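The values are calculated or read from the model by the stated rules, or taken from the named source; none is laboratory data. This structure is a prediction, so every number in the text was calculated from the model and none was measured. FYI the Cβ positions are ideal-geometry reconstructions off the backbone, even for glycines, and counts take in every protein chain you see.
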Amino acid sequence: MLADRKILVGATGGIAAYKTPFLVRQLVEKKASVRVVMTEAAGNFVTPLVLETLSGNPVSSELFPRQFASTHHIELARWPDLIVVAPATADFIGRVANGLAPDLLCNVLLVATSTVLLAPAMNTEMWFHSQVQENCAKLEKLGYEFIGPEEGKLATASEGEGMGRMSEPDTIVKRIEEIFSERELLKGKRIVVTGGRTEEAIDPVRYLSNRSSGKMGAALARAAARMGAQVSFVHGRMSVEPPQNTDNFLVLTAEEMQKKLLELYAKSDAVIMAAAVSDFRAEKVSREKIRRKEHLTLELVPNPDILAGLGKSKKKQKLVGFALEAGGGLGNGKKKLEEKNLDMLVLNRADEPDAGFDVDTNRVTLFFPSGKKEEVPLASKDEVARVILRKLAKLL
Ligand code: C5P
C-alpha cells in the first residue's frame, strides 16, 4: 500500500515520542521509504540510533550540522510525498502556526509543499488552552491535516485519563494510507458545497438566522478539494474560516445563495447542500430600525427550497442534502430524499450534545435512493466529511 511512498517522520519532544519508533517500523513494513527529522527535545525521549536503525536512514536533527550539509533542510523538505509529525507538542504547533523556524523540522515545514499530517500529544489542559486551539485552527486553515489527539490514558497516573493522547501508530498509518488512496478520488470533478447559515433582514440592524457554525460545510469543502475536486464553496456567515483550497463565495440570504448555485449548477458534477438555509424571510424589510412597542407582528414568507429546485432541474448532477431532525423526525430521511430528488441524504441529529450544530463531532445516518440506510458512528466532522465524499465518489 505504501510501496515507493516517501515519508518524512518528524518527532518533537513529548512523552509520546517513545511511540515514534513503532510508527517508523510500521511504515517501513508497509514498504515506505522513511527518513526521520527529530527536534533536540525529542532526543530526551527517544534516541536517534533507534530511529536510524528502524528507518534504515540517517536521522537529521541539527539545523547547522558540523559536517558539510549544504541546504539540507531544503533537500529534506523536497524529498517526501508526505510529512507526518508524531508527536506534535503544543510548543511545536505554536512555532509552526507562527511561521517560526528555530530548528530543522520547522525549517523543513516552511519549505515543504507536500501534505503535512500532525499528531498532537499533550496534557488535557494544554490541548484545550485557547492559544493551542487557535494555533490548530490557524494551521487547519493553512491546509495542515490533523489526526487526534484522542481520549485515553495520559502520561502519568496523576493525570489519569483525558483528551490529549497521541493517536496510536496504527491509526496514524491507516490515515496516511487513506490520504494516499484518496488523493485523486475526485480528480477532475467540479463540486459545489454550501455551508454556514443564511441571514434574512428584518430591518437595517436585525435579521433572522440560525445557529449553524458552518463547520460541516467547511470540512466537506476542504476534504473534497484534498481529494482532487475543483470545489466552489458557497457559504453564508460562519463561525469558522472558509478553507483556503477552495473557491469561496460569500452569500447572505437564501435568494443570493440560490442565484449563485444556479450560476454554478450546469457545470457541476455534484452539489452538497450543507448550508442551514432560513426557511422564511420577512415579507417586508423595514427601511428603518423598528422601534420598541407593545406588540410586534412580523409577517414571514417562505424562502425557495433551493435544493428541491436543483432536484427538479437535475441532469447528470448528483445531489447530496442534509437534514436536521430530532426524535420522531428521524424517520423522515427517506421521504426527504425522494421529495427533493437526491442521491444521498445525510441526517443529522438535533437532540444530541455531540452531534449537529456548532460542535466538532457528528453522528449521521446516510439514506440512498435504493432504500439502503447506513449509520456513521460518532466521528469528527472531518472524518464524517470523508465518509460522505467516499460515497459520493462512487456515484460519480
Ligand atoms: O427540508 P429541510 O429544510 O430539512 O431540508 C434540508 C436540506 O435542504 C438541506 O440540505 C438544506 O441545505 C436544504 N435547504 C434548501 N433550501 C431551503 C431549506 C433547506 O436548499 N430553503
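Let's see how each residue does on (1) farther than 18 Å from Ala201 by Cα; (2) under 24 Å from the mean Cα position of the chain (by Cα); (3) in the same structural domain as Gly195 (by TED's automatic domain parsing):
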{"residue": "Leu264", "(1), (2), (3)": "yes, yes, yes"}
{"residue": "Val277", "(1), (2), (3)": "no, yes, yes"}
{"residue": "Lys312", "(1), (2), (3)": "yes, no, yes"}
{"residue": "Asn332", "(1), (2), (3)": "yes, no, yes"}
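Failed condition for Phe128, given (1) crowded, with 17+ Cβ neighbours inside 10 Å; (2) over 18 Å from Ile15 (Cα atoms); (3) modelled with pLDDT of 95 or more; (4) of a type outside the set (Val, Ile, Thr), with all others met? For Phe128, the failing item is (1).
Taking the stretch 156-183 as the range and being over 18 Å from the mean Cα position of the chain (by Cα), loosely packed, with under 15 Cβ neighbours inside 10 Å and farther than 16 Å from Leu23 by Cα as the test, the residues that pass are Thr156, Ala157, Ser158, Glu159, Gly160, Glu161. Residues that are part of a loop (DSSP other than H, G, I, E, B) and among the basic types (Lys, Arg) were ranked within the stretch 313-331; the one that is nearest to the ligand (Cβ to nearest atom) is Lys314.
Residues in the stretch 199-245 that are of a type in the set (Ser, Thr, Tyr), closer than 29 Å to Lys284 by Cα and modelled with pLDDT of 95 or more: Tyr207, Ser209.
Condition check ((1) part of a helix (DSSP H, G or I); (2) within 19 Å of the chain's Cα centre (by Cα)) across all residues:
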site: Leu109; (1), (2): yes, no
site: Thr113; (1), (2): no, yes
site: Leu117; (1), (2): no, yes
site: Val132; (1), (2): yes, yes
site: Asn135; (1), (2): yes, yes
site: Glu140; (1), (2): yes, yes
site: Gly143; (1), (2): no, yes
site: Gly148; (1), (2): no, yes
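Taking the conditions (1) free of Cβ contacts under 8 Å to residues at least 12 places away in the same chain; (2) farther than 22 Å from Ile191 by Cα in turn, Glu263 satisfies each one other than (2). Assess whether Gly56 counts as being in contact (Cβ under 8 Å) with a residue 24 or more places away in the chain and on the phi > 0 side of the Ramachandran plot. For Gly56, the condition - in contact (Cβ under 8 Å) with a residue 24 or more places away in the chain and on the phi > 0 side of the Ramachandran plot - is met.
Across the stretch 334-350, the qualifying residues are those that are surrounded by 20 or more Cβ atoms within 10 Å (Cβ to Cβ) and within 10 Å of the ligand (Cβ to nearest atom), and the one among them that is modelled with the lowest pLDDT is Asn348. The strands (runs of 3 or more DSSP E) located wholly in the stretch 226-312 that include 1 or more residues which are within 14 Å of the ligand (Cβ to nearest atom) and surrounded by fewer than 19 Cβ atoms within 10 Å (Cβ to Cβ) occupy 280-282, 300-302.
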